[in-house]
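Here's the structure we're looking at; comments come further down.
The values are calculated or read from the model by the stated rules, or taken from the named source; none is laboratory data. Predicted, not measured: the structure shown is a model, and the values here were computed from it. Cβ: placed from backbone, ideal geometry, glycine included. Neighbour counts: every protein chain shown.
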Amino acid sequence: MTDRLIIFDTTMRDGEQSPGASMTKAEKIRIAKALERLKVDVIEAGFPIASPGDFEAVQAVARTIKDCTVCGLSRTGDADIDRAYEALKDAPSYRIHTFIATSPIHMVNKLKMAPDEVLEAAIRAVKRARNYTNDVEFSCEDSSRSEFEFLAKVVEAVIAAGATTINLPDTVGYAVPEQYGAFIRRLRETVPNSDKAVFSVHCHNDLGLAVGNSLAAVMNGARQVECTINGLGERAGNASLEELVMAVRTRKDYFPCETRIETTEIMNCSRLVSTITGFPVQPNKAIVGANAFAHESGIHQDGVLKHRETYEIMRAQDVGWNSNRIVLGKLSGRNALRTRLKELGIEFAQEADFIDTFKRFKDLADRKTEIYDEDLQALVSDTEISAANERVQLVAMRVASETGKTPQAELTLAIDGVEHRTASEGDGPVDAAYRAVEALMKSGVRLQLYSVNAITTGTDSQGEVTVRLERAGRIVNGQGADTDIIVASVKAYLNALNKVLYPTPREHPQTGQV
């Protein structure tokens, strides 16, 4: 007999704390549907009190998801917990996740609270959350740097107050596997009512040990792991869902537990999160990187051809590589597109948005022989960007770049529906185009990142461009995709510029740090 390991996905909450990775309501719904197909147990959809937009996104996910528990984060204040309940209450299954820091450095320098005050706040929060649901998770923020005796006291008290899941985050990625595993075991053995709750871990990757720490905790009795798709998260990220799941699945001989994850959906989730956030997956990333199942060495290739298991411990198909390569083309009609989008979990609330996507699909099909799922994800993202009523839009562009001559760019931009022409020179065609935009907009932004990624293979592949802009401490990402990389670059820049110039008011997501 093996235990059930609960997979708690926090891509849309902790993952969103990555600089520039903020997600819209529509994007969160798309990711939530993908996670539902992946069969994660718990989806942490956001931090409802952070802003009206975050509240609406969590509420929309709660009203959409049927086969997973939907979770909302809250601090220990009454208003936080009440707001979380209001966002979650329409979900068939929901959880309130409340937290407070328990380490001396956090209590003294951040909370400015005495240990007894922290204990009292924790108990009060759990009791209030229990008024709304029997599924209450309590997190001891920075638990790995907390004093053990005080931590054990808090854990015992919140379990007695009604917490059903106890989360012990390694908030700053300080732990190492052997020590962290022993810490989890000691706490479970010390707290007298530990059998009344599921012990959970939430590990950050500052030392590259998030997955290792999580798995060490599992071996020492933790039965929930909190993780994100592609390891997304603030600073160096969180424990990677795909790595945790496949480690447990591949090493059944070692780990005494199993998950309910539908692993063939891993790649779809990975690509979707990468497209929406603009964070490309590194080629040598375990499980989902482009090189994860590639073999360059002649010895390796020979071995794999003779017997796959000589150099592969997993099948690529088991995590979704090449399992969803249905190809559409210019002869494909609306029904074929709608059907494939539905299979990818994409449905439109407004028929006009589907029609817009279909027009973009046909335009792309005239320029690109074969259209893959990754292309479709990018098309939908492009439609959602347009539907967001961006106030600055690209109307037309002409770029001239010739050896020995200074590149030039002429752009026509629509600002609140009024067209303006602008032009500039630059070190290259992209630089010229960006200088032309700034000659008109005078935004005062600073370009922090410019990244180009081919969505699929081949010279006719769409280029997906991500830019990161900063102004007055505000950081945003922008995305754009097109078979013309210069057009994609301008789309990405304008996407980010709209977010900087016309932001949606929102409290910084790190107020929900765990």
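Residue-wise test of (1) under 24 Å from T383 (Cα atoms); (2) modelled with pLDDT under 95; (3) more than 16 Å from the chain's Cα centre (by Cα).
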| site | (1), (2), (3) |
| --- | --- |
| R251 | no, no, yes |
| F255 | no, no, yes |
| E258 | no, no, yes |
| T263 | no, no, yes |
| N268 | yes, yes, no |
| R271 | yes, yes, no |
| T275 | yes, yes, no |
| P283 | no, yes, yes |
| A292 | no, yes, yes |
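Out of everything in region 130-146 that is of a type in the set (S, T, N, Q) and assigned to a loop (DSSP other than H, G, I, E, B), what residue ends up being surrounded by the fewest Cβ atoms within 10 Å (Cβ to Cβ)?
N134
State all residues of region 380-414 that are among the hydrophobic types (A, V, I, L, M, F, W, C) and under 27 Å from T277 (Cβ atoms); if no residue qualifies, say none.
Result: V380, I385, A387, A388, V392, L394, M397, L411, L413, A414.
Which residues, taken from region 66-79, are within 25 Å of E120 (Cα to Cα), under 23 Å from the mean Cα position of the chain (by Cα) and touching a residue at least 40 places away in the same chain (Cβ under 8 Å)?
Selection gives C71, L73, S74, R75.
Please go through region 72-126 and pick out each residue that is surrounded by fewer than 17 Cβ atoms within 10 Å (Cβ to Cβ) and of a type in the set (S, T, N, Q).
Scanning region 72-126 gives a single hit, N109.
Based on this model, can you work out whether T466 counts as under 23 Å from L379 (Cα atoms) and in contact with a Phe, Trp or Tyr (Cβ under 9 Å, 6 or more places away or on another chain)?
So T466 fits the description; yes.
With the checklist (1) in contact with a Gly (Cβ under 8 Å, 6 or more places away or on another chain); (2) buried (at least 24 other Cβ atoms within 10 Å of the Cβ); (3) part of a helix (DSSP H, G or I); (4) at pLDDT 95 or above in hand, flag the one item D54 doesn't pass.
With respect to (1) in contact with a Gly (Cβ under 8 Å, 6 or more places away or on another chain); (2) buried (at least 24 other Cβ atoms within 10 Å of the Cβ); (3) part of a helix (DSSP H, G or I); (4) at pLDDT 95 or above, D54 is out only on (4).
Taking the condition under 30 Å from R340 (Cβ atoms) and among the hydroxyl-bearing types (S, T, Y), does T64 pass?
Here the answer is yes, as T64 does meet what is asked.
Are any residues in region 7-21 surrounded by fewer than 21 Cβ atoms within 10 Å (Cβ to Cβ) and either closer than 21 Å to T64 by Cα or among the acidic types (D, E) (or both), and if so, which ones?
Residues satisfying the conditions do not exist here.
From the list S200, S214, exactly one residue is assigned to a strand (DSSP E or B) and farther than 25 Å from L344 by Cβ. Which is it?
S200
Do we find that R360 is basic (K, R) and over 30 Å from R37 (Cα atoms) in this structure?
no
Being out of contact with any Ser or Thr (no Cβ under 6 Å at 6 or more places or on another chain), hydroxyl-bearing (S, T, Y), closer than 28 Å to E402 by Cβ and touching a residue at least 60 places away in the same chain (Cβ under 8 Å) is the filter here, so list the residues in region 433-483 that pass it.
S461, T483, listed by residue number.
If a residue has to be of a type in the set (K, R) and within 22 Å of the chain's Cα centre (by Cα) to count, how many in region 369-428 make the cut?
Residues meeting the conditions: 0.
On the basis of being at pLDDT 60 or above and within 22 Å of T264 (Cβ to Cβ), does R334 make the cut?
Spelling it out, it is not the case that R334 is at pLDDT 60 or above and within 22 Å of T264 (Cβ to Cβ).
Looking only at region 78-114, which residues are farther than 20 Å from Q59 by Cα and assigned to a loop (DSSP other than H, G, I, E, B)?
T102, S103, K112, M113, A114
Sort out which residues of region 173-184 are hydrophobic (A, V, I, L, M, F, W, C) and either assigned to a strand (DSSP E or B) or buried (at least 18 other Cβ atoms within 10 Å of the Cβ) (or both), and write them in order of number.
A175, F183, I184
Report, by residue number, each residue of region 149-188 that is over 29 Å from the mean Cα position of the chain (by Cα) and more than 19 Å from F138 (Cβ to Cβ).
A182, R185, listed by residue number.
List the residue pairs whose Cβ atoms are under 8 Å apart, where the first residue sits in region 146-161 and is of a type in the set (K, R), the second is surrounded by 18 or more Cβ atoms within 10 Å (Cβ to Cβ), and the two are 6 or more positions apart or on different chains.
Short answer, once both residue conditions are applied: K153/L119.
Would you be able to tell me the number of residues in region 199-229 that are of a type outside the set (D, E, K, R), touching a residue at least 60 places away in the same chain (Cβ under 8 Å) and under 22 Å from G46 (Cβ atoms)?
7
Six or more apart or on different chains, Cβ under 6 Å: which pairs go from a residue in region 412-432 that's free of Cβ contacts under 8 Å to residues at least 60 places away in the same chain to one that's among the hydroxyl-bearing types (S, T, Y) and surrounded by fewer than 14 Cβ atoms within 10 Å (Cβ to Cβ)? Could you list them?
E425/T406
Among the residues of region 414-421, is there at least one that is surrounded by 14 or more Cβ atoms within 10 Å (Cβ to Cβ) and not hydrophobic (A, V, I, L, M, F, W, C)?
no
Which condition breaks for M12 when tested against (1) assigned to a loop (DSSP other than H, G, I, E, B); (2) more than 18 Å from the chain's Cα centre (by Cα)?
The one condition M12 does not meet is (2).
Determine whether E149 is assigned to a strand (DSSP E or B) and either of a type in the set (G, A, S) or closer than 22 Å to V172 by Cβ (or both).
no
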